[in-house]
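Here is the structure we will look at.
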Amino acid sequence: MRNLKLLAILVVGAFAFQSCNNDDEGSSANKADLVGVWTSSEIDISFIADGESIQDEDAENILRESESSTIEFKEDNTYVSDEGTDFEENGTWSLNGDGSKIIFEPENSLEYEVEVLAASANQIKLKFEEDITQLAAFIGIEVDNELIIVIEVNMNK
């Protein structure tokens, strides 16, 4: 459970890093628009076990705890993510070539990337998807082959 919570918090932190260079929604971001403080406004966590979507009450609890999270993208490509709990993440960030993904390199964890689903100057929608099959038994979800966590986050600047 603690590992799932940590994973979800990391993902939420990663989602805070997207925006676009104008007010029209798009699916790419640029550095100039990302720089600043972003606050989560809506978080959706789902699990896909062996190809079927399932609900998990623990995930709902994580959602409630993370809905006031913030992330600050700094001009020097560093970031600070505060989940409103005892968890804070620091590291560096970058955009892929077309601005469709934000790559996070936390100081004390593995690199991960977040997909930009929509972006404008003041709002972003991000998606993180990860195979967490190895954690299935630990978090109490039975699977035969595969467990995927999908987290979508809406953020406002």
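Summary table
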{"read-out": "Mean separation of Cα contacts under 8 Å, 6 or more apart, over the residue count of segment 90-157: relative contact order %", "value": "23 percent"}
{"read-out": "Estimated FRET transfer efficiency when R0 is 22 angstrom, pair Asp131-Asp44 (beta carbons, to 0.05)", "value": "0.75"}
{"read-out": "Neighbourhood net charge (9 Å Cβ-Cβ; Lys/Arg +1, Asp/Glu -1) for Ile148", "value": "-4"}
{"read-out": "Whole-number D in µm²/s for segment 112-157 (Stokes-Einstein; Kirkwood sum over Cα pairs; 20 °C, 1.002 mPa s)", "value": "175 µm²/s"}
{"read-out": "Segment 77-146: projected area of the alpha-carbon convex hull, averaged over directions, in nm²", "value": "6.8 nm²"}
{"read-out": "Backbone N within segment 118-157 under 19 Å of label point (7 Å from Ser27 Cα along the Cβ vector)", "value": "118-121, 123-130, 150-155"}
{"read-out": "Probe 1.4 Å, accessible area per residue of segment 105-157, Å²", "value": "57 Å²"}
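The values are calculated or read from the model by the stated rules, or taken from the named source; none is laboratory data. Bear in mind that the values here come from a model prediction, so they are computed numbers and not experimental data. Every residue, glycine as well, gets a Cβ built from its backbone with ideal geometry; the counts of neighbours run over all protein chains shown. For accessibility, only protein heavy atoms count, side chains too; no ligands or nucleic acids. Shrake-Rupley method; radii C 1.70, N 1.55, O 1.52, S 1.80 Å.
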